[in-house]
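Since the structure comes first, as structure tokens, the remarks are kept for the end.
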Amino acid sequence: MEKKWLAWMTILGSALAAAGNERPNMVFFFADDWGRTAGCYADAKAPSPSDVVKTPNIDRVAAEGVRFDNAFYDCPQCRPSRAAIVTGSYFWRCGSNAILSGSDFSGQENPFDRMVRFPHLLADNGYETAKLFKTLEFDPTLKINGGGNYKRYGLHVSQGKTAAARDQLRQEVIDQTRESIQKVLTQSADKPFFFVFGPINVHRPYAPGSGEALWGINPDDLKGKLPPYLPDEPEVRTDMADYLGEVQALDLMVGIFMEELEKAGQATNTMLVLAGDNGIPGFPRGKTQLYDLGSHAPLIVRWPGRVKPGRAVDDLVTLKDLAATFLEAAGVKPPVPMDARSLLPQLLAEKSGTIDPARDTAIFGRERHIPNAREGNLPYPARALYTPEFAYIRNVKPERFPFGDPKITKAGTINPGSFADMDASLTKTWIIEHSQAGAVFYELAFGQRPAEELYNRRTDPHQMHNLASSPEYQAVLRQLAARLQHVQETTNDPRLHDAFDLSPYIEVPKGKTNSNEN
């Protein structure tokens, strides 16, 4: 590790010298619930919602920088994902922050409290640090005011009863975004800065019909472009159009950031990183799930003068690697231990495709999301290992339901409030309302999963055909399972001992004893 770090710091030092020996500013545009959706991800051979969404600013960042095509969230849930990034660690190491909420570490050591957070190291080495809205857990050196509560684009602008009123509300969103980056540029003075900006408009709820009403996205343009596990129905297409509208709102904000960096003369010496924290909310296989829709992350980096533009990298990475990347770009040695591996080799390379053949796996997982989604406040534990060719998923407790327990009404139907780990949505409602026995979409969304799943990512990108029981794939299955087990053991994953089913990770319901028999 020491030799590798010194070698890359020598390369980085040469690059910095050629650019005037300035340490870069770093802007981390970190959008809540933004899945891997943007025009730059459209593929003529694979129709998808990215064919419909219009994201010229995000696409510009990709054209002028590097797009990571095999980036993954460390956990497809907001709090654990963010904890992994700020510490550069596997999410399961992060104590109370390995789950969304509900832990009780009072009177016990909380691993997250003693973990080093990379923005603090940047501050210790001469950086101003700032954050705004839903971001990362660290103490910034700059305290900036975001102009009040975050104005969620669709919900805010839709309040306007007339076109003029909507224009005014839209301008308020623009002004809030612009003032955010302006304040950081002004207050950082002569120091380099790290700024993480956390827009939350993609998080549900959405204003119904806002994709079409505010952005002109015709839901019928999505016909034939939804993945096969989603019903291609008007309600679902409308739901997806509303999501795409919020992605276009993100794009508007990215454009504002780029404008202000250019006006301030800081665009050339700023590393701009675009990413989300977990997959698309309110859709099966999205947020909280280890399938592609839930765990395949957007990651795009623009760094003028340092990064050769227009490249696409195939190396498998997870977003925790950003911690080591930001530190090394600033000339700060990452702490030991840190699970993250810097992406500077990928950023400073000259070519597209595979940069480091050894980066051939991405490992991630999940535990508890909504506390009361299951009887006894239990999580849905699962781990995944992706390679360029395969996706392996281990469902540790297959007797549990992946989105939470179904709730049956007195009439014998499924209560719409069931499956609490999936956000309320038009899509969720449609699938539940069409949940008669044997309904394909219902089982794909909410049914119990086998203990192991194996998919060929190249021939089955939507992960519809589980190969785990196929005789010809048993060698692959066992190899990937062993690789995953090795990482869990060497990183002391608490799930190996079912610790996430016990206090302090979960509350014990009154009148019951704590056990891991489930």
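Would a scan of the range 65-78 turn up a residue that is assigned to a strand (DSSP E or B), within 28 Å of Pro304 (Cβ to Cβ) and over 14 Å from the mean Cα position of the chain (by Cα)? Yes: one or more hits. The conditions of being open to solvent by 10 Å² or more (accessible area, probe 1.4 Å), free of Cβ contacts under 8 Å to residues at least 24 places away in the same chain and touching a Pro at 6+ places or on another chain (Cβ under 9 Å) are not met by Asp190.
Pairs linking a residue in the range 237-263 that is open to solvent by less than 10 Å² (accessible area, probe 1.4 Å) to a residue that is assigned to a helix (DSSP H, G or I) and among the hydroxyl-bearing types (Ser, Thr, Tyr), with Cβ atoms under 6 Å and 6 or more positions apart or on different chains, are Asp239/Thr427; Asp242/Ser210; Gly245/Ser210; Ala249/Tyr153; Met253/Thr177; Ile256/Thr177.
Can you tell me which residue in the range 221-267 is nearest to Ala42 (Cα to Cα), limited to those that are among the acidic types (Asp, Glu) and outside any helix (DSSP H, G or I)? Filtering the range 221-267 for residues that are among the acidic types (Asp, Glu) and outside any helix (DSSP H, G or I), the one nearest to Ala42 (Cα to Cα) comes out as Asp232.
Within the range 216-236, the residues that satisfy the criterion of being under 30 Å from Lys320 (Cβ atoms) and open to solvent by 10 Å² or more (accessible area, probe 1.4 Å) are Pro227, Tyr229. If you take the residues of the range 297-308 that are out of contact with any strand residue (DSSP E or B) (no Cβ under 6 Å at 6 or more places or on another chain) and not charged (D, E, K, R), which of them is most open to solvent (accessible area, probe 1.4 Å)? Applying the filter and picking the extreme gives Gly305. The set of residues in the range 457-490 being assigned to a loop (DSSP other than H, G, I, E, B), surrounded by 11 or more Cβ atoms within 10 Å (Cβ to Cβ) and in contact (Cβ under 8 Å) with a residue 40 or more places away in the chain consists of Arg457, Pro461, His462, Gln463, Met464. Any chance the range 405-419 includes a residue that's at pLDDT 95 or above, of a type in the set (Gly, Ala, Ser) and either closer than 19 Å to Trp92 by Cβ or in contact with a helix residue (DSSP H, G or I) (Cβ under 9 Å, 6 or more places away or on another chain) (or both)? The answer is no; no qualifying residue exists.
Every listed requirement among (1) closer than 24 Å to Leu293 by Cα; (2) open to solvent by 30 Å² or more (accessible area, probe 1.4 Å) is met by Ala358 save one, (1).
Flag: Met26 matches the condition of being at pLDDT 95 or above and not hydroxyl-bearing (Ser, Thr, Tyr). Do we find a residue being modelled with pLDDT of 95 or more and not in a helix (DSSP H, G or I) anywhere in the range 424-437? Yes; the residues of the range 424-437 include at least one that is modelled with pLDDT of 95 or more and not in a helix (DSSP H, G or I).
The residues on offer are Gly282, Gly331, and the sole one that is part of a loop (DSSP other than H, G, I, E, B), closer than 30 Å to Pro450 by Cβ and not polar (S, T, N, Q) is Gly282.
Looking at the range 123-148, which of its residues are β-branched (Val, Ile, Thr) and open to solvent by 20 Å² or more (accessible area, probe 1.4 Å)? Selection gives Thr141, Ile144. Of all residues in the range 430-445, which are out of contact with any Ser or Thr (no Cβ under 8 Å at 6 or more places or on another chain) and open to solvent by less than 60 Å² (accessible area, probe 1.4 Å)? Passing the criteria: Trp430, Ile431, Ala439, Leu444, Ala445. Taken over the range 419-436, the criterion of being aromatic (Phe, Trp, Tyr) and over 24 Å from the mean Cα position of the chain (by Cα) is satisfied by Trp430 alone.
When we screen Gly276, Gly286 for residues that are under 15 Å from Val202 (Cβ atoms), open to solvent by less than 10 Å² (accessible area, probe 1.4 Å) and in contact with a helix residue (DSSP H, G or I) (Cβ under 6 Å, 6 or more places away or on another chain), the only hit is Gly286.
The values are calculated or read from the model by the stated rules, or taken from the named source; none is laboratory data. Just so we're clear, the structure is a prediction, and the values are computed from it rather than from any experiment. All Cβ positions, even for glycine, are placed from backbone atoms using ideal geometry, and neighbour counts span all protein chains on display. Heavy atoms of the whole protein, side chains included, go into the accessibility calculation; ligands, DNA and RNA do not. Shrake-Rupley method; radii C 1.70, N 1.55, O 1.52, S 1.80 Å.
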